[in-house]
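Colleague: Take a look at this one; I'll ask things after.
Coordinate-derived values only; no laboratory data. What you are looking at is a predicted structure, and each value in this text was computed from that prediction instead of being measured. So basically every Cβ, Gly included, is an ideal-geometry build from the backbone, and we count neighbours across all protein chains shown.
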Amino acid sequence: MRDRYDVIIAGLGPAGTVALWHLAKKGFSVAGFDMRKPGDIWGKPCGDALGAHHPREAGLPDPPSHVIKNKVTAIDIYSPGETTRYRVYGEGYIIDRSKFGKWLLDEAISSGAEAYLETRVLAPIIKDGKIVGLKIQANGRVREVHANVVIEATGFSRAIRMKLPREWPVYEDIDPKDMNIAYREIIEYEDYEIEEPNVIRIYLDQEVAPGGYWWYFPESRRGVNVGLGVQGGMGHPNPMTLYREKLLNHPLMKHRYHVVRSAGAPLPTRRPSNTLVGPGLLVIGDAGYTVNPVHGGGMGYAFRAAHYAVLAIEEAHDKNDFSEHGLWSLNIRYMKDIGGKQAALDIFRRFLQRLSNDEIRFGMEKRLIPEQDVYYTSSKGDLNISVVDKAMIVLRGLQRPGLLAKLKLVADYMKSIKQLYEEYPEEPDKLSDWVRRVDALVSEFEKKLEK
């Protein structure tokens, strides 16, 4: 391990590993640090589902077959009580997270990157108002490593970010209501073969998974990733408790099986951080809240954020300017390409979490948002106006004025916040005014939604 690199990366999960891969391919001297052991790379528990388009959009090659557990052809979304099912077609994978991470990590190392596992990131090194390196602990020894740029990719622990001066804009904590707590088990059936193993399933039920959903993602004919996420900050029961008391009563869980492994974790479910850039610092992945707020999927957005971070480093390197201003293009790219959609979905998420089981069931039965528009809304962050108009006609006829008004409100505010992200500031000194406008819009929406 050297004392200095062009770039050092804290955290080698999906975001950090993709950044390491790109930087190594471009010839930068780069080192990554992660506290996990070699057999536990990308060890965060989640559904392990990844859209087939995500690697390509982040400049990565298609994943090799040995890192893929299952290929996905569709998603089924079930209403409370399972009276209605939506089927949304699309290509994706259930990945082996450890093998996927090792594949990218090995490729990065073969291109010149250095990776140090079982290494703890202790704190950022700040000098003259700029991050210039990291204090780390490896093999019982504490040492300093310096770089032109530090990438914070430590996931929701935010090991660097939470130790920054509070007055820095890039320091931004999260409201517990804007996060979910997830618990999942990998199970293997002993006497049952899964029907349609290439279809993953999402179940909406505020009693089983309040403010979230529960999932059933087949990994094979007999293996499945099953779990649930619960909105934080609302006093809901622990997700493990709900899993055992509610979810285990489902017919799918009545077959004989054994648990391969289990784990839980918190995750952000909100719009991205107001800025992903600090002086000498870039923040990506869960640490930067780059996730889909509706379903909590973070790998695709993490890949893209990592790719954009490397492009920003290239530009900063060419100008020899690693200040907040010099690295600002990460914000420009991410906020205008993905951030606006993410913020619009955050508006939609706030609406969905307030719906009762009866309202969700009614909306799905009446196809207020048709199946063909579910993917469009969840990926583009738009609630198609023609869909809203049709839904409003249905709601008027069925005398549901409250739901009608809220649906129109949601569509309007999704459009408004996307427009604000199109106006994301080109320079750091204009950020505070823009943040005030975003906060005011969200606050206004929340007040109207409560009426």
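Colleague: For the stretch 167-228, run through the GluC sites (Glu not before Pro) and keep only the ones in DSSP coil with at most 14 other Cβ atoms within 10 Å of their Cβ. Spell out each step's value before the answer.
Modeller: Values: sites: 167, 172, 185, 188, 190, 193, 195, 207, 219; in loops: 167, 172, 190, 193, 195, 207, 219.
Taking the stretch 167-228 and a limit of 14 other Cβ atoms within 10 Å, the loop GluC sites (Glu not before Pro) found are 167, 190, 193, 195, 207.
Colleague: Could you go through the stretch 159-170 in sequence order and give the Karplus-derived ³J(HN,Hα) for each residue, using 6.51 cos²θ - 1.76 cosθ + 1.60 with θ = phi - 60°, rounded to whole Hz, and x for Gly and Pro?
Modeller: Each residue's phi maps through the Karplus curve to give 4, 8, 4, 6, 10, 7, x, 5, 7, 6, x, 6 Hz.
Colleague: Just to verify a number: FRET efficiency for residue 127 and residue 426, C-beta to C-beta distance, R0 = 22 Å, to 0.05?
Modeller: On the way: r = 27 Å, r/R0 = 1.25.
That gives a FRET efficiency of 0.20.
Colleague: Of 32, 434, 131, which is farthest on the positive side of the dipole of the chain, counting Cα position, with +1 on Lys and Arg Cβ, -1 on Asp and Glu Cβ, and the Cα centre as origin?
Modeller: About the Cα centre, the residue reaching furthest to the positive side is 434.
Colleague: Among DSSP bridges having both ends in the chain, what percentage is antiparallel? Round to the nearest 5. All intermediate terms of the calculation are to be shown ahead of the outcome.
Modeller: Values: 57 of 78 bridges.
Among the beta bridges of the chain, antiparallel pairing accounts for roughly 75 percent.
Colleague: Angle check, please: helix 371-380 long axis (alpha carbons) against the longest principal axis of the chain (alpha carbons), in degrees 0 to 90, nearest 10.
Modeller: 20
Colleague: By how many degrees, between 0 and 90 and to the nearest 10, does the Cα long axis of helix 340-352 differ from the longest principal axis of the chain?
Modeller: The answer is roughly 40 degrees.
Colleague: Could I ask something else about it? Return a whole-number percent for the relative contact order of the stretch 177-268, with Cα pairs under 8 Å and 6 or more residues apart as the contact set. It would help to have the intermediate numbers written out before the result.
Modeller: On the way: 190 pairs, mean separation 40.6, N = 92.
About 44 percent, as a whole number.
Colleague: Quick check on the chain: helices-only [θ] at 222 nm, where DSSP H runs of length 4 and up contribute -39,500 (n - 2.57) each and the sum goes over total residues. Nearest 500, please.
Modeller: On the way: 12 runs with 152 residues, N = 451.
Helix contribution divided over all residues of the chain: -10500 deg cm²/dmol.
Colleague: Continuing with the same structure: Can you work out ³J(HN,Hα) from phi for every residue in the stretch 186-193, in order, using Karplus 6.51 cos²θ - 1.76 cosθ + 1.60 and θ = phi - 60°, giving whole Hz and x for Gly and Pro?
Modeller: For the stretch 186-193, the Karplus curve yields 9, 10, 10, 6, 9, 9, 8, 10 Hz.
Colleague: Rg/Rh for the stretch 177-268: what does it come to with C-alpha atoms and Rh from Kirkwood? Don't skip to the end; give the middle numbers.
Modeller: Values: Rg = 13.0 Å, Rh = 13.4 Å.
A ratio of 0.97.
Colleague: Work from the charge dipole of the chain (Cβ charges, +1 for Lys and Arg, -1 for Asp and Glu, about the Cα centre) and give the residue of 119, 189, 100 farthest towards its positive end.
Modeller: 189
Colleague: For residue 263, list long-range residues whose amide hydrogen, built 1.01 Å from N in the peptide plane, is under 5 Å from its own amide hydrogen.
Modeller: 184
Colleague: Under 5 Å between amide H atoms, partner at least 5 residues away or on a different chain: which partners does residue 125 have, H built in plane at 1.01 Å?
Modeller: 132, 133, 134, 135
Colleague: Please turn the phi angles of the stretch 37-48 into ³J(HN,Hα) values with the Karplus equation 6.51 cos²θ - 1.76 cosθ + 1.60 (θ = phi - 60°), one per residue in order, whole Hz, x for glycine and proline.
Modeller: Using θ = phi - 60°, the values come out as 7, x, x, 10, 4, 6, x, 4, x, 7, x, 6 Hz.
Colleague: Then there is this: Can you pull the percent of Cα pairs in the chain with separation above 28 Å?
Modeller: Value for the chain (Cα pairs over 28 Å): 50 percent.
Colleague: Moving to a separate point now. What residues qualify as long-range amide H neighbours of residue 9, i.e. H under 5 Å apart, gap of 5 or more or another chain, H built at 1.01 Å from N?
Modeller: Residues meeting the amide H criterion: 31, 32, 33, 151.
Colleague: Does anyone have the angle between helix 385-397 and the longest principal axis of the chain? Alpha-carbon axes, 0 to 90°, nearest 10?
Modeller: Rounded to the nearest ten degrees, it is 30.
Colleague: Out of 60, 22, 90, whose Cα points farthest toward the positive end of the dipole of the stretch 21-141 (charges: +1 Lys, Arg; -1 Asp, Glu; placed on Cβ)?
Modeller: Checked the options; the winner is 22.
Colleague: Given the C-alpha centroids of the stretch 402-434 and the stretch 153-199, what is the distance between them in whole angstrom?
Modeller: 25
Colleague: Taking a cut-off of 26 Å between Cα atoms, list the lysines near residue 246, but don't count ones fewer than 8 places away on the same chain.
Modeller: 44, 177, 254
Colleague: Here is a follow-up. Please state the shape class of the stretch 80-199: rounded when a/c is under 1.5, otherwise prolate if a/b exceeds b/c and oblate if not, all from the C-alpha gyration tensor. Before the final figure, lay out each step's value.
Modeller: Details: a/c = 2.70, a/b = 1.73, b/c = 1.56.
Since a/c reaches 1.5 and a/b is larger than b/c, the shape of the stretch 80-199 is classed as prolate.
Colleague: Once each part is reduced to its C-alpha centroid, what is the distance from the stretch 214-232 to the stretch 285-342 in angstrom?
Modeller: 29
Colleague: Counting Lys and Arg as +1 and Asp and Glu as -1, what is the net charge of the other residues whose Cβ lies under 9 Å from the Cβ of residue 159?
Modeller: Working: positive: 120, 158, 161, 163; negative: 152.
Around residue 159, the charge tally is +3.
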